[in-house]
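The values are calculated or read from the model by the stated rules, or taken from the named source; none is laboratory data. Since the model is a prediction, treat every value here as computed from it, not as a measurement. Reconstructed Cβ throughout: ideal geometry from the backbone, glycine too, with neighbour counts over all protein chains shown.
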Amino acid sequence: MNKTRILDVKYALTQILYFASFSALMGYASVYLLGQGVSNSLIGTTLALVSIIAVFTQPMAASAVDKKVIKLQSLVNIILIGTVILSLCLYFFELPTMMLLCVFVGIVTFMMTVQPLFNSMAFLFEKYGIQINYGLARGLGSAAYALASAVLGYLVEDFGTGVIPLFYIIGNILLIIVVYTYVVPKNQQHLVQHEQQNKEETEQKQLSFFQFCALYKKFMIFVVGVVLVFFTHTIINNFFIQVITPIGGTESQMGIAVFIAAIVELPAMAMFNIMRKKINCARLLKLSVVMFALKHLLTFLATNIFMIYVAQVLQIGAYAIFIPASVYYVNEVISKQDLVKGQSMVTVGITASGIIANFAGGILLDAVGVYHLLMIGVVVSVVGGLIVFGSIEKKKANVME
């Protein structure tokens, strides 16, 4: 019992350290790369490239573990060690722009690849009979992201952008130590992996991608709406410093703004189960896309940093509601045998949106400027919201409760 408790604490610490490091890496990606003289277009292209690579590396890493090529714990630490080595190169050496970007792509790819492995780790622990409080751990991760963003904003103002790689070097070294101390029941690991592999093989015998699209046409239209809504969401998040600089914003104020958005997610997500008992998921999704549009509109209209802070508060009804509501919504409109594909379609839609937003956002930022980029973003967000409204379905009788 005592060992289980210790493992629960270690897992929570893993989420805290990971998301604190990730806030420095992705939350301040534009700040760091701009400080290195990289253009907006190149920043956008770089972030888009990372998303594309991660689409392939994440399933490859999971497959390596499932096929017993490498143990999960070992793979996580190898990836983290690679991240630290590349981060040290950024911190200690002045690299040419293209080499710097290649190293940066490697670091972000590693960090994005390891994230689902941490989720798998929690799942494996539960299969061993060890109960991990994943919800609490993930919530603490969000809080760590928020706090780290706020602190890092002040550090960047005082010490410059060079401090950013140091932040995730320290975070990942501590993360390696924590993961290394995990004690995984080796005698059960192969049985669990074999069971998961059999489950995946069974799922793969279900509908193909095109058959799924043909059967769930309205749901796929919903996914298109999600892509458009998250297009603007991603642009604002990844080019945040460029968004607030014209209205007098600074790195420390950006950190505070990110902190506000991340911290307001916690109560909304914690209360979601209560909300969905009173309001169905279809209505909650409609509410979330309206809040997304309002958040994007207020960001566009902002003339000072206070208005940005107010816009960030709207995250409580936008992202914080959409993520859990979309999971339950899929369960309500997709048949049980197709649930895995249904859930993955939403994830793929958000990932695809990130790729498009990062690539197009950087180019548009250089071509038309912040004002017109945000104006385009508002239009795209509203159109996406209207598509979501038009494609939302009522709960079907033949799906799981």
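Contact map, the range 209-233: first residue among the basic types (Lys, Arg), second residue at pLDDT 90 or above, Cβ cut-off under 8 Å, separation 6 or more or different chains; pairs are Lys218/Ser391.
The residues listed here are Ile323, Ile308, Ile334, Ile350; of these, the one that is surrounded by 18 or more Cβ atoms within 10 Å (Cβ to Cβ), under 20 Å from Arg138 (Cα atoms) and among the β-branched types (Val, Ile, Thr) is Ile350. When the range 238-251 is limited to residues that are in contact (Cβ under 8 Å) with a residue 60 or more places away in the chain and surrounded by 20 or more Cβ atoms within 10 Å (Cβ to Cβ), the one that is nearest to Ala352 (Cα to Cα) turns out to be Asn238. Looking for something at pLDDT below 85, in a helix (DSSP H, G or I) and in contact with an Asp or Glu (Cβ under 6 Å, 6 or more places away or on another chain) - is there at least one such residue anywhere in the range 197-206? For the range 197-206, residues at pLDDT below 85, in a helix (DSSP H, G or I) and in contact with an Asp or Glu (Cβ under 6 Å, 6 or more places away or on another chain): present.
Quick check, is Lys295 at pLDDT 90 or above, out of contact with any Pro (no Cβ under 7 Å at 6 or more places or on another chain) and either crowded, with 23+ Cβ neighbours inside 10 Å or assigned by TED's automatic domain parsing to the domain that holds Ala137 (or both)? I'd like the intermediate steps shown before the answer.
Details: at pLDDT 90 or above: yes; out of contact with any Pro (no Cβ under 7 Å at 6 or more places or on another chain): yes; either crowded, with 23+ Cβ neighbours inside 10 Å or assigned by TED's automatic domain parsing to the domain that holds Ala137 (or both): yes.
Yes.
Can you spot a residue in the range 50-71 that is modelled with pLDDT of 85 or more and more than 26 Å from Ile355 (Cβ to Cβ)? No.
Looking only at the range 302-335, count every residue that is under 18 Å from Phe231 (Cα atoms) and among the aliphatic types (A, V, I, L, M) and tell me the total. Walk me through how you get there before you give the answer.
So the first thing to find is which residues in the range 302-335 are under 18 Å from Phe231 (Cα atoms), and the list is 311-312, 314-315, 317-323, 326.
Next, from what is left, pick out any that are among the aliphatic types (A, V, I, L, M): 311, 314, 318, 320-321, 323.
So the count comes out to 6.
When restricted to residues that are touching a Phe, Trp or Tyr at 6+ places or on another chain (Cβ under 9 Å) and outside any helix (DSSP H, G or I), the range 219-270 contains 1.
Being surrounded by 15 or more Cβ atoms within 10 Å (Cβ to Cβ) and touching a Phe, Trp or Tyr at 6+ places or on another chain (Cβ under 6 Å) narrows it down to one of Ser30, Ser41, so name that one.
Details: Ser41 fails: touching a Phe, Trp or Tyr at 6+ places or on another chain (Cβ under 6 Å).
Result of the check over Ser30, Ser41: Ser30.
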